[in-house]
């Protein structure tokens, strides 16, 4: 057991890192690919909203599937499905075809959103669970750093091999290579023996009033976080006129800032407690978005975007730990499905609306509105969930921070 972490959990981190690397490149390039095809922000927002809506439809079936065939087999099905639906989206050239294929892709992506938290909850005991979630997010961020750089230069690298290709063709080829990376995660995933058991019990969904208040607070936060993130690449490419390599570098830099934020997060959560700690991070997110809305310099905006994503991601381990601490073991798959359902539902609404606002009112007003929503989310969280006293030893500390860096 390395550093107190079970071997199967470490193997799951390997699987997660490979999968996230491929999916990150797909998400980085896909909206830029749509721009090359002639889609504008309003249409891209609609497509992104449909992708999130597909996740809504897929969340509860994903939880049901995990109960019937086990977490491992559901994860394997997710990897195959992501590659297949990505290829389908690349073949869709009309808005109607993009909407249909995006909905299907979202349903497949929901499998990972449901299974990953449940897998960590199953492989990590109560003592190491907050640390385990921090490492899960940190490993994903680390993968994003490398993937952002690779995704940014990949189309240009392919242009040297295929000099006659159009910009859209180059991005399409890069996205297909990223899909192959996702399929590569199958190799280590088949060895996740502890996640392979079939669970024939009926899916159990938590129903306590505390959890429903948690989901209400999460819904407001998801409306804020889902409004800008899918359009960030378009913002830098279309609004600030940066090249795809520069967009990739910005995304990689923002991932680095997220690593630093994850290391600081345990200190904040330990001193303030989970609820007040998460709320403070939400307020900082709102302030960074408000500042971003006033900037016109590309590199000042890139720096502030890194600050924004850092504060946004600081809250994620806290949210997952808060949820998993409040449910029984047999409720974890159901709780994960409900959390993913709430998140994707709100993101589907917010990204579609933000695309319309950006198209007609511009990015400055849209970002100010999103900042106001993030600030509201912090107030709602504290109002709905009574802040507990700061928790001591159950939160990841400096020792776990060292583990995150080495990961």
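The values are calculated or read from the model by the stated rules, or taken from the named source; none is laboratory data. From a predicted model like this one, the values you see are computed outputs, not experimental measurements. A quick note on method: Cβ atoms are made from the backbone with ideal geometry, for glycine too, and the neighbour counts reach across all protein chains shown.
Residues that are without any contact (Cβ under 8 Å) to a residue 40 or more places away in the chain, buried (at least 20 other Cβ atoms within 10 Å of the Cβ), in a helix (DSSP H, G or I) and within 19 Å of the chain's Cα centre (by Cα): does the stretch 85-101 have at least one? Taking every residue of the stretch 85-101 in turn, at least one turns out to be without any contact (Cβ under 8 Å) to a residue 40 or more places away in the chain, buried (at least 20 other Cβ atoms within 10 Å of the Cβ), in a helix (DSSP H, G or I) and within 19 Å of the chain's Cα centre (by Cα).
Of the residues 300, 282, the single one that is out of contact with any helix residue (DSSP H, G or I) (no Cβ under 7 Å at 6 or more places or on another chain), at pLDDT 90 or above and in a helix (DSSP H, G or I) is 300.
Scanning the stretch 146-162 for residues that are surrounded by fewer than 21 Cβ atoms within 10 Å (Cβ to Cβ) and either in contact (Cβ under 8 Å) with a residue 40 or more places away in the chain or closer than 20 Å to residue 19 by Cα (or both) yields 146, 149, 150, 153, 156.
Look at (1) crowded, with 22+ Cβ neighbours inside 10 Å; (2) closer than 30 Å to residue 250 by Cβ; (3) touching a helix residue (DSSP H, G or I) at 6+ places or on another chain (Cβ under 6 Å) and you find that residue 119 fails only one, number (2). For the stretch 230-239, taking the residues that are touching a helix residue (DSSP H, G or I) at 6+ places or on another chain (Cβ under 6 Å) and either without any contact (Cβ under 8 Å) to a residue 12 or more places away in the chain or surrounded by fewer than 19 Cβ atoms within 10 Å (Cβ to Cβ) (or both), the one that is farthest from residue 34 (Cα to Cα) is identified as 239. Comparison of 22, 63 shows that the only residue that is part of a helix (DSSP H, G or I), modelled with pLDDT under 95, buried (at least 24 other Cβ atoms within 10 Å of the Cβ) and touching a helix residue (DSSP H, G or I) at 6+ places or on another chain (Cβ under 7 Å) is 63. Just a yes or no: is a residue in the stretch 206-229 surrounded by fewer than 16 Cβ atoms within 10 Å (Cβ to Cβ), outside any helix (DSSP H, G or I) and either at pLDDT below 85 or touching a strand residue (DSSP E or B) at 6+ places or on another chain (Cβ under 8 Å) (or both)? For the stretch 206-229, residues surrounded by fewer than 16 Cβ atoms within 10 Å (Cβ to Cβ), outside any helix (DSSP H, G or I) and either at pLDDT below 85 or touching a strand residue (DSSP E or B) at 6+ places or on another chain (Cβ under 8 Å) (or both): present.
Taking the condition over 20 Å from the mean Cα position of the chain (by Cα) and buried (at least 24 other Cβ atoms within 10 Å of the Cβ), does residue 275 pass? Criteria not met by residue 275. Residue 191 meets the stated requirement of being over 23 Å from residue 29 (Cα atoms), in contact (Cβ under 8 Å) with a residue 40 or more places away in the chain and surrounded by fewer than 24 Cβ atoms within 10 Å (Cβ to Cβ). For residue 261, indicate whether it is within 19 Å of the chain's Cα centre (by Cα), crowded, with 19+ Cβ neighbours inside 10 Å and closer than 17 Å to residue 377 by Cβ. When the stated conditions are applied, residue 261 does not pass them. Of the residues 381, 338, which is in contact with a helix residue (DSSP H, G or I) (Cβ under 9 Å, 6 or more places away or on another chain), in a helix (DSSP H, G or I), surrounded by 23 or more Cβ atoms within 10 Å (Cβ to Cβ) and at pLDDT below 85? Only one candidate qualifies: 338.
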